[in-house]
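The values are calculated or read from the model by the stated rules, or taken from the named source; none is laboratory data. Nothing here was measured: the structure is a model prediction, and the numbers come from that model. Every residue, glycine as well, gets a Cβ built from its backbone with ideal geometry; the counts of neighbours run over all protein chains shown.
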Amino acid sequence: MDPSGRRKIMAGPQLRRLRATLGLSQSAMAAELGISVSYLNLVERNQRPVTAQLLIRLSETYAIDARDFAGAEDSQGAAEIEEVLADPLLAPLQVPRAEVKSALEQAPTLLQAFKRLHAAYAGATELGAGFAGERSEAERGDPLPQAADAVEQVRAFLQQQDNHFPSLEDAAESLSAELGQVEGDLLHALTLRLRARHGIRLQVMTHQDMGVTLRHYDRHRRKLMISELVEPAGRAFQAAYQIGLLEASDVMDSALARSDMKDPQARKLGRITLANYFAAALMMPYGRFLASAQDLGYDVEMLGARWGASFEQVAHRLTTLSRPSARGVPFFMVRVDNAGNVSKRFSSGAFPFSRFGGTCPRWNVHDVFRHPGRTLTQLIEMPDGKRWFSVARMVRRLAAPWGEPEAAFAVGLGCEERFAPQLIYARALKEMRPTGIGVNCRLCERVNCPSRAAPPLLGGLDLSEGTRGLSPFGR
């Protein structure tokens, strides 16, 4: 608080993400805002608050909503640190949330180092327990330390960029405009592009020939092979992915060069992730896709029909609409299987995802397996009182031969409650009662939850031999 009693706005991470999204250096942004480089550096490091004057300049210069900075809180960062502090090794310290928030404001880079150190420790512990045959259910997480760290580095990279890469968007829009001159559907246009520009033939192969491989590029025969199990929207995506590697490679390398990733595995995974990003941007070019989304009230199925994309592809694409001059609703997305394993998560907002373990069973993203073909909506409330609007649907990404198990996933898409009125799904928002959920059972402190599957790591147990409550863990 300043002497007048007004709350100081510490929004260094948000300002850094904006600058990275714009592709500006500190000196370039400082010049455009009319401030010194040293002052901008202090603001980005949360050593100085964002003043009202700076908010106005940011709003006028980059056409952003100043309220996003005025209400800026690194909710995702706080949730990640609290999850680390819930580790049995650290939980007895009972670090107050006020200290976590203060550390996020004053020493964000130090906390990044702390999280990376803990991830390495957790991975090594899990690997050792795995060799000893002692992995418990509570200890299950990412597979191996090196692989897990690579995944976390890429996720952190996407989070730093607000899951938005302007240079890839520009390259995709430019190529899309060229392909628009070709008659026929997108897959046909991409097939012609591969053959005419690169001498590559695209061929859909039988699943007997491909086995478990969905896409394979044979460099020597100049042949891109896609399994027949991949549905049409997926085939177009795989063709666009290959074109991205061929025609936007330098753009991807430039984006990776600006990241903090040094590990070869992380950089390789980052490159694959950026190629996937380019493919989605090529299938659904930013400007026209955003206009369609706003026109249709972010109706995911209708957007899929209009753009020849799947529900999951559209949901993923919606999390990337963070262009400062033309922002979409800041969505988060999660994909889980029927066992609750999280295989994909993206966010252009600050939804508090769990880095270890599953999600809250009270979240209806899990209910869609009982309601195939239906899109479910829900207003959810986190323990801190923040509310989010959620849309969920079961999806199948591949055809399955008779007799083989069919892989099904639940895709959840959501945004803060304040953005929900822009969604066609939220017409009955005023009548909705919020459902209280948590990050996951281990980190949730809600009392008397009938769905609790594990005791809370924070707050301890409240057990009685003479009383049995809704939860077997006494909370």
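Descriptive notes on the structure:
- Flag if Gly373 is free of Cβ contacts under 8 Å to residues at least 24 places away in the same chain and out of contact with any Gly (no Cβ under 6 Å at 6 or more places or on another chain): yes
- When restricted to residues that are assigned to a strand (DSSP E or B) and of a type in the set (Gly, Ala, Ser), the range 211-230 contains 1.
- The range 292-347, residues that are among the basic types (Lys, Arg) and either on the phi > 0 side of the Ramachandran plot or in contact with a strand residue (DSSP E or B) (Cβ under 7 Å, 6 or more places away or on another chain) (or both): Arg335, Lys344, Arg345
- Tally of residues being among the small types (Gly, Ala, Ser), farther than 15 Å from Gln159 by Cα and either touching a residue at least 24 places away in the same chain (Cβ under 8 Å) or not assigned by TED's automatic domain parsing to the domain that holds Asp170 (or both) across the range 256-276: 1
- One residue from Gln208, Gln294 being farther than 30 Å from Gly23 by Cα and assigned to a helix (DSSP H, G or I): Gln208
- In the range 40-62, the residue that is nearest to Leu22 (Cα to Cα) out of those that are among the basic types (Lys, Arg) and not in a helix (DSSP H, G or I) is Arg45.
- Any hit, the range 262-277, residues being of a type in the set (Val, Ile, Thr), buried (at least 24 other Cβ atoms within 10 Å of the Cβ) and assigned to a helix (DSSP H, G or I): no
- Close pairs from the range 11-36: first on the phi > 0 side of the Ramachandran plot, partner at pLDDT 90 or above, Cβ under 7 Å, at least 6 apart: Gly23/Pro166; Gly23/Ser167
- For the range 210-229, residues that are farther than 17 Å from Ala400 by Cβ and not basic (Lys, Arg) total 6.
- Taken over the range 231-249, the criterion of being farther than 25 Å from Phe165 by Cβ and either free of Cβ contacts under 8 Å to residues at least 12 places away in the same chain or outside any helix (DSSP H, G or I) (or both) is satisfied by Glu231 alone.
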